[in-house]
Amino acid sequence: GPEVTKPLLETSRKGYLAASSASAYSAVSLLQKFGPIMNEGGNMLSLTYIASEKVIPGYGGGMSSAKAQLESDTRTLAYEAGRKWGVRVNTISAGPLKSRAASAIGKEPGQKTFIEYAIDYSKANAPLAQDLYNDDVGNSSLFLCSPLARTVTG
């Protein structure tokens, strides 16, 4: 959303709705339009973030609410699209990935970015203390779109 750097208490209605529109309703809208022409067994994937479940200071502008909405919608869409078109719907919460968007959160001169702190925390506490790369997310996506995951939805 356009106000992602603002605390929720300082987020305007317009900014909050923009976050929900971009991060949650976009998935609903895509599936409404493409579901009818997708092959049975097709898939829709989205990306979510742990801020949907836990407080992540600096991840504002309604984005945490939008990601919670996306996850709830994913479960509902998985049921509805599965029954209606035989399409699976999933979302991936990958963990701390130093993307361009993530690098913009909490950037103060001379300080680490929020994502750099998150990566450090993950390395110190995760069962597999290793960096996360775009390819890791891509490989998870590939699995979810493959016949190997034909019973995984929602």
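With respect to the conditions (1) surrounded by fewer than 18 Cβ atoms within 10 Å (Cβ to Cβ); (2) part of a helix (DSSP H, G or I); (3) under 15 Å from the mean Cα position of the chain (by Cα); (4) of a type in the set (Gly, Ala, Ser), Gly82 falls short on a single one, namely (3). Within segment 1-53, restricting attention to residues that are of a type in the set (A, V, I, L, M, F, W, C) and in contact with a Leu (Cβ under 8 Å, 6 or more places away or on another chain), the residue that is farthest from Trp85 (Cα to Cα) is Ala24.
The residues in segment 49-61 that are open to solvent by 40 Å² or more (accessible area, probe 1.4 Å), of a type in the set (A, V, I, L, M, F, W, C) and farther than 20 Å from Ser141 by Cβ can be counted, and the count is 1. Given (1) in contact with a helix residue (DSSP H, G or I) (Cβ under 9 Å, 6 or more places away or on another chain); (2) on the phi < 0 side of the Ramachandran plot, where does Gly95 come up short, assuming only one miss? With (1) in contact with a helix residue (DSSP H, G or I) (Cβ under 9 Å, 6 or more places away or on another chain); (2) on the phi < 0 side of the Ramachandran plot applied to Gly95, the lone miss is (2).
Return the residue satisfying two criteria in turn: it lies in segment 140-154 and is touching a strand residue (DSSP E or B) at 6+ places or on another chain (Cβ under 8 Å) and among the aliphatic types (A, V, I, L, M), and of such residues it is most open to solvent (accessible area, probe 1.4 Å). Quick ask: steps written out before the conclusion?
Step one: filter segment 140-154 for residues touching a strand residue (DSSP E or B) at 6+ places or on another chain (Cβ under 8 Å), giving 140-141, 144-145, 149-150, 152-154.
Of the ones still in play, those that are also among the aliphatic types (A, V, I, L, M) are 144, 149, 152.
Numbers: Leu144: 22, Ala149: 0, Val152: 58 Å².
The residue in question is Val152.
Scanning segment 4-37 for residues that are open to solvent by 30 Å² or more (accessible area, probe 1.4 Å) and in contact with a helix residue (DSSP H, G or I) (Cβ under 6 Å, 6 or more places away or on another chain) gives a single hit, Val4. The set of residues in segment 86-108 being open to solvent by 60 Å² or more (accessible area, probe 1.4 Å) and in a helix (DSSP H, G or I) consists of Arg100, Ala101. When we screen Ser46, Ser64, Ser72 for residues that are within 26 Å of Arg13 (Cα to Cα), open to solvent by less than 60 Å² (accessible area, probe 1.4 Å) and not in a helix (DSSP H, G or I), the only hit is Ser46. Checking Ser141 against (1) more than 30 Å from Pro7 (Cα to Cα); (2) over 15 Å from the mean Cα position of the chain (by Cα); (3) not aliphatic (A, V, I, L, M): exactly one of these is not met. Which one? Tallying (1) more than 30 Å from Pro7 (Cα to Cα); (2) over 15 Å from the mean Cα position of the chain (by Cα); (3) not aliphatic (A, V, I, L, M), Ser141 fails exactly one: (2). Do we find a residue being touching a residue at least 12 places away in the same chain (Cβ under 8 Å), hydroxyl-bearing (Ser, Thr, Tyr) and under 28 Å from Pro7 (Cα atoms) anywhere in segment 146-154? No; the residues of segment 146-154 include none that is touching a residue at least 12 places away in the same chain (Cβ under 8 Å), hydroxyl-bearing (Ser, Thr, Tyr) and under 28 Å from Pro7 (Cα atoms).
Every residue in segment 122-139 that is open to solvent by 80 Å² or more (accessible area, probe 1.4 Å) and either in contact with a strand residue (DSSP E or B) (Cβ under 9 Å, 6 or more places away or on another chain) or closer than 14 Å to Ser99 by Cβ (or both), please. Within segment 122-139, Tyr133, Asn134, Asp135 qualify. Considering segment 110-138 alone, what residues qualify as being closer than 19 Å to Tyr49 by Cβ, hydrophobic (A, V, I, L, M, F, W, C) and assigned to a helix (DSSP H, G or I)? Listed by number, the residues that qualify are Phe114, Ile115, Ala118, Ile119, Val137.
The values are calculated or read from the model by the stated rules, or taken from the named source; none is laboratory data. Remember, it's a predicted structure, so these values are computed and weren't measured experimentally. Neighbour counts are summed over all protein chains in view; Cβ atoms, including those assigned to glycine, are modelled from backbone coordinates with ideal geometry. Note: accessible area is taken over every heavy atom of the protein model, side chains too, but ligands, DNA and RNA are not part of it. Shrake-Rupley method; radii C 1.70, N 1.55, O 1.52, S 1.80 Å.
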